[in-house]
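Here is the structure we will look at, set down as structure tokens.
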Amino acid sequence: MRGYGFVAVGGPEQQAWVEVDEPTPGPGELVVAVRAAGVNPGDWKVRDGSYGISGPAVLGREVAGTVLATGPDVTGFGEGDEVFGGCPDMQGGWAPRTRVTAGFAAHRPASVRPEDAAALPVAAGTAWDALEQLGLASGATLLVNGGGGGVGIPMIQLAAARGLRVVTTASPGKHAMLSGFGATPVAYGDGVVDRLREVAPDGVDGVFDLVGGDALRTVAPLLTDPTKLISVADYGLSTELGGQQIRRDRSTEVLERLVGLVADGTLDPHVTDVRPLEEVEAALALVESGHATGKVIVTVG
């Protein structure tokens, strides 16, 4: 079977179509015929060695599709079920068929497109887990640092649905979109702290960071409680500033809640770019450039 991934740890030059064995389900796993798969920053970070995975391997860590087979110890799923979920070891999804972790999978309602369901396990799941971990009460103010991408957009919507006041930094071209999702956007760059203080004069009760580095250092003093900081872009700096490391749940329960919010209109995964699998190289380049607005998805078949 042919899938798209990488042949050795390194940069984009290591990416290639690779031949791999047909997947077979291990204990607690499904084999799924892929209909749609997400493209995430974590995919190029797998390729560059950040997660200790060496090639050759097929990339892609979240999919939606049809169950072809189930492994030992799997309950609640059967052949022909329409599902979505995460791939074991953060790889394998950019191919016609892949393994999916049954404990991090859920049934896809007919009212939710495969493209939208495939956007949930990584991006929206990260946002959900961070909100649970921060534990902010309704009425609190959350700063999403860099809210215009695939994780920031669901975070804004999920936080607003919980009654939080959401402020986000973003490029001006994304402000109208982010306002529509319930956030108060503020432009990046010189003077950003002053602009944030104009809309949050008492500071903020939590920070969810998607940028890291100097951009995080700049806004961190606005936080009234340093422990209410989670960065998924700069774990080291988050710890240095007194924040938390994110704890991912990766459970069927979380996915069921998220897809329910999509079905009832509370959450829009904001899939803005859908391409056939044959164009996944360009899709990953867009995500790696940091210029994607919303979620990028590739489809199979």
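In the stretch 194-280, counting only strands (runs of 3 or more DSSP E) that sit wholly within it, the ones holding 2 or more residues that are under 25 Å from GLY294 (Cα atoms) and not assigned by the TED database to the domain that holds ALA117 span 206-209, 229-231. The residue list GLY103, GLY60, GLY92 contains one member that is open to solvent by less than 10 Å² (accessible area, probe 1.4 Å), touching a residue at least 12 places away in the same chain (Cβ under 8 Å) and under 19 Å from the mean Cα position of the chain (by Cα), which is GLY60. Among the residues of the stretch 268-300, those identified as surrounded by 18 or more Cβ atoms within 10 Å (Cβ to Cβ) and among the hydrophobic types (A, V, I, L, M, F, W, C) are VAL271, LEU277, VAL280, ALA283, LEU284, VAL287, ALA292, VAL296, ILE297, VAL298, VAL300. When GLY189, GLY213, GLY265, GLY206 are screened for being open to solvent by less than 30 Å² (accessible area, probe 1.4 Å), at positive phi and among the small types (Gly, Ala, Ser), only GLY213 passes.
Any residue at all in the stretch 108-121 that is at pLDDT below 95, under 17 Å from LEU255 (Cα atoms) and assigned to a helix (DSSP H, G or I)? No. Entry remark, the stretch 35-52: residues being in a strand (DSSP E or B) and either more than 16 Å from ALA95 (Cβ to Cβ) or open to solvent by 10 Å² or more (accessible area, probe 1.4 Å) (or both) number 1 in total. All conditions in (1) at pLDDT below 95; (2) in contact with a Pro (Cβ under 9 Å, 6 or more places away or on another chain) hold for GLY173, with the sole exception of (2). Among residues of the stretch 15-28 that are farther than 16 Å from PHE77 by Cβ, those with a Cβ under 7 angstrom from a residue that is among the hydrophobic types (A, V, I, L, M, F, W, C) and assigned to a strand (DSSP E or B), sequence gap 6+ or separate chain, pair up as GLN15/PHE6; ALA16/PHE6; VAL18/VAL58; VAL20/VAL58. The residues of the stretch 1-17 that are in a strand (DSSP E or B) and in contact with a Lys or Arg (Cβ under 7 Å, 6 or more places away or on another chain), listed by number, are PHE6, GLN15, TRP17.
The values are calculated or read from the model by the stated rules, or taken from the named source; none is laboratory data. This one's a predicted model, so the numbers in the text were calculated from it and none came from an experiment. With ideal geometry, Cβ positions are generated from the backbone for all residues, glycine too; neighbour counts draw on all protein chains shown. Note: accessible area is taken over every heavy atom of the protein model, side chains too, but ligands, DNA and RNA are not part of it. Shrake-Rupley method; radii C 1.70, N 1.55, O 1.52, S 1.80 Å.
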